[in-house]
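Reviewing the structure listed below.
The values are calculated or read from the model by the stated rules, or taken from the named source; none is laboratory data. Since this is a predicted model, take the numbers as computed values, not measurements. Cβ coordinates were reconstructed from backbone atoms using ideal geometry, including for glycine residues, and neighbour counts include every protein chain displayed. Areas reflect the complete protein model, heavy atoms only, side chains present, ligands, DNA and RNA absent. Shrake-Rupley method; radii C 1.70, N 1.55, O 1.52, S 1.80 Å.
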Amino acid sequence: MPRATSFGLRAADYDRYRPTPHPEALDRVLPERAATVVDLAAGTGLVTRALLARPTPPAVVIAIEPDARMLARVDGAARAQGAAEHLPLRDGSVDAVLASSAWHWFDAEAATAEIARVLRPGGTLGLLWSRADPTVDWVDDVRTIGRAATDGSARLSRRGFACTLPEGHGFVDDTPTAVHVRWTRTMTRDEIAGMVCTYSGVLELDPAAQREVFDAARARLDELVAGPDPVEVPFETVARRWTLEGAAPCE
Ligand SMILES: C[S@@+](CC[C@H](N)C(=O)[O-])C[C@H]1O[C@@H](n2cnc3c(N)ncnc32)[C@H](O)[C@@H]1O
């Protein structure tokens, strides 16, 4: 199975443990009057739910996701199975496309061309990434257990979310300085260890090896984090936005 669609192996855990982007970051990348919004690579619908919960939700939210096991968990919005490189949408039919914790899985050139095709002129592309904050030592230590078990790139999690769109598709960068929101989430140690096991490298391991990652993460949390459950876990959401040239932006 391709690594890009390994998340559906544990769709329920993914939905339970993974973070939703912070609302402030969502506010910064979503134009206020965007009526038709696509949650691309929607997964289990964390962003779709956040969109529907806004004080003024977009009139139409469309969740697009290639993995049927993930898409089945999306509720309350239009759903379509599809990939970023071949979007099941008409030309110029949407106001905004959002992709959360997913851009690195796409063929950037093909996805950028497809997103430019389906956006109306003046429409926007918002990219977001959310994760437990690896600049905090104990967080990095625990995340590293999952990464070290799979690809050995123990320090990979300190890398940032550098992202430039391929040129020539008409996008203008609205956020030369990325939006960066730091926040905390209340989780038990079991939930933190469960979250470590929802990353693609761990999902590819056999069940016994996955259990070992969980147990190692759980034991390390007992060593590193003082006090009873639950724990305040530091998170970060990083976001970028681009506008498709050709008309006034819709805000
Ligand atoms: C880390 S998950 C992010 C899910 C969701 N956006 C979130 O924030 O929780 C990455 C998602 O990208 C999807 N994906 C992988 N390759 C894709 C592609 N080429 N086009 C669209 N989605 C893709 C996976 O199936 C998975 O649901």
Picking from A50, A41, A4, A99, the residue that is out of contact with any Leu (no Cβ under 8 Å at 6 or more places or on another chain), within 14 Å of L128 (Cα to Cα) and within 11 Å of the ligand (Cβ to nearest atom) would be A41
Would you tally the residues in the range 15-60 being part of a helix (DSSP H, G or I) and open to solvent by less than 30 Å² (accessible area, probe 1.4 Å)?
9
Out of A132, A83, A116, A111, I need the residue that is touching a strand residue (DSSP E or B) at 6+ places or on another chain (Cβ under 9 Å), of a type in the set (A, V, I, L, M, F, W, C), within 16 Å of the ligand (Cβ to nearest atom) and open to solvent by 30 Å² or more (accessible area, probe 1.4 Å). Which one?
A83
Out of all the residues in the range 231-250, is one or more part of a helix (DSSP H, G or I) and within 17 Å of V142 (Cα to Cα)?
no
Scanning the range 74-133 for residues that are under 15 Å from the mean Cα position of the chain (by Cα) and outside any strand (DSSP E or B) gives V74, A84, S101, A102, W103, H104, W105, F106, D133
Qualifying positions in the range 168-183 - at pLDDT below 95 and of a type in the set (D, E, K, R)
D173, D174
Which of (1) in contact with a Lys or Arg (Cβ under 9 Å, 6 or more places away or on another chain); (2) free of Cβ contacts under 8 Å to residues at least 60 places away in the same chain does A11 not meet, given it meets every other one?
(2)
Selection over the range 187-203 where residues are part of a loop (DSSP other than H, G, I, E, B) and more than 19 Å from the chain's Cα centre (by Cα) yields a count of 1
Scan the range 44-83 for residues that are free of Cβ contacts under 8 Å to residues at least 24 places away in the same chain and aliphatic (A, V, I, L, M) and jot them down.
A53, A78, A80, A83
Could you list, in sequence order, the residues of the range 183-215 that are exposed (fewer than 13 other Cβ atoms within 10 Å of the Cβ) and under 28 Å from W242 (Cα atoms)?
T184
Got at least one residue in the range 104-117 being at pLDDT below 95, aromatic (F, W, Y) and closer than 22 Å to P23 by Cα?
no
